[in-house]
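See structure below.
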Amino acid sequence: MTASDFTEIEALAFELASLAGAQIESSLGRTLAVRYKKLSEDEAAVFKDPVSEVDHAVEVLLRARLADKFPDHAIIGEEVQETAGTAGFTWVIDPVDGTANFINGFPLFAASIGVVFEGRPVVGAVWCSTSHALRSGVYHAREGGPLYFEESRIETVDRGHVRRRLVGLPHVLPAGSSAHEGRQTGSSAVECAFVAAGLLAGARFEAPNIWDVAGGIPLVQAMKGDVMTRESRDGAWARFSSFATDSGRGGIGRWKQGLTLGEPGTVAALTG
């Protein structure tokens, strides 16, 4: 693949993320229909994974645009069945990441578009409800290219003067128990984008799905951040290179592993 191929795909990913963000913003302030995925027979578990009508509507809209532009590309989404492709590209869509925040009116959520080529994430575009600029917008990047927020390039962020940096964690540690101060945003995609933009020094996820992080990994890599993964809670951390696995779980859509990303020193601390 050439740089121009990824440039065209980045432009479309940016367009789709912007479109998703516009749809999300237009739904704010009105009553939404919400259903819950049945994760197990345990009644309490039924209400742990909400899906709003906006999740489904946004994904359908984005899939239609992709089918028109790249009919030979595969699509993996959180809400709709996987679509096969023949070109080696897979678009990974999370129409609303942080749905629990969204339906409760807590203003921290995202729409994530990731593009994977033969297992390797090469393009990411994440619309966030807020940002380093204190407004909504899309962070986007492609393999070998810089990080952008909307049309503006983001240069390296130096926060060396800050003695206690923030990190996204699945379980917030007590104050003073580490060299970093933990935060929980409720959105993996937001945390990836915030790591790339320098708002967080790093983030660790216990077992995200591919659609939670496929859009965010290219953003972090564009800023020369480290990305580490492990297949089990007690397994060793290894440098992330691809969503393809050797565990026999099937295609990349079945990927679900621990992931830590961010500044090299922070990643080392979070995985040590």
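Val220 versus (1) modelled with pLDDT of 95 or more; (2) touching a Ser or Thr at 6+ places or on another chain (Cβ under 9 Å); (3) of a type in the set (Val, Ile, Thr): which is the lone unmet condition?
Result: Val220 passes all but (2).
Out of all the residues in segment 140-160, which are in contact with a His (Cβ under 9 Å, 6 or more places away or on another chain) and at negative phi?
Across segment 140-160, the qualifying residues are Leu147, Tyr148, Phe149, Ile154, Val157.
Of all the residues that make up segment 136-173, how many are more than 21 Å from Asp94 (Cβ to Cβ) and surrounded by fewer than 24 Cβ atoms within 10 Å (Cβ to Cβ)?
Final tally of qualifying residues: 22.
Kindly establish whether Phe109 is at pLDDT 90 or above and touching a strand residue (DSSP E or B) at 6+ places or on another chain (Cβ under 9 Å).
Yes, satisfied.
Going residue by residue through segment 108-122, is there one that turns out to be among the aliphatic types (A, V, I, L, M) and out of contact with any helix residue (DSSP H, G or I) (no Cβ under 9 Å at 6 or more places or on another chain)?
Looking through segment 108-122, none of the residues is among the aliphatic types (A, V, I, L, M) and out of contact with any helix residue (DSSP H, G or I) (no Cβ under 9 Å at 6 or more places or on another chain).
Inside segment 251-271, can you point out the residues that are out of contact with any strand residue (DSSP E or B) (no Cβ under 7 Å at 6 or more places or on another chain), surrounded by fewer than 24 Cβ atoms within 10 Å (Cβ to Cβ) and under 16 Å from Arg230 (Cα atoms)?
Arg254, Ala268, Ala269
Please go through segment 83-104 and pick out each residue that is more than 23 Å from Tyr139 (Cβ to Cβ) and touching a residue at least 24 places away in the same chain (Cβ under 8 Å).
Gly88, Ile103
Name the single residue that is farthest from Pro121 (Cα to Cα) among those in segment 63-82 being surrounded by 21 or more Cβ atoms within 10 Å (Cβ to Cβ) and in contact (Cβ under 8 Å) with a residue 60 or more places away in the chain.
For segment 63-82, the residue satisfying everything is Glu78.
Can you find even one residue in segment 70-79 that is in a strand (DSSP E or B), of a type in the set (Gly, Ala, Ser) and in contact with a Ser or Thr (Cβ under 6 Å, 6 or more places away or on another chain)?
Yes, there is a match, as at least one residue in segment 70-79 is in a strand (DSSP E or B), of a type in the set (Gly, Ala, Ser) and in contact with a Ser or Thr (Cβ under 6 Å, 6 or more places away or on another chain).
The values are calculated or read from the model by the stated rules, or taken from the named source; none is laboratory data. Predicted, not measured: the structure shown is a model, and the values here were computed from it. Neighbour counts are summed over all protein chains in view; Cβ atoms, including those assigned to glycine, are modelled from backbone coordinates with ideal geometry.
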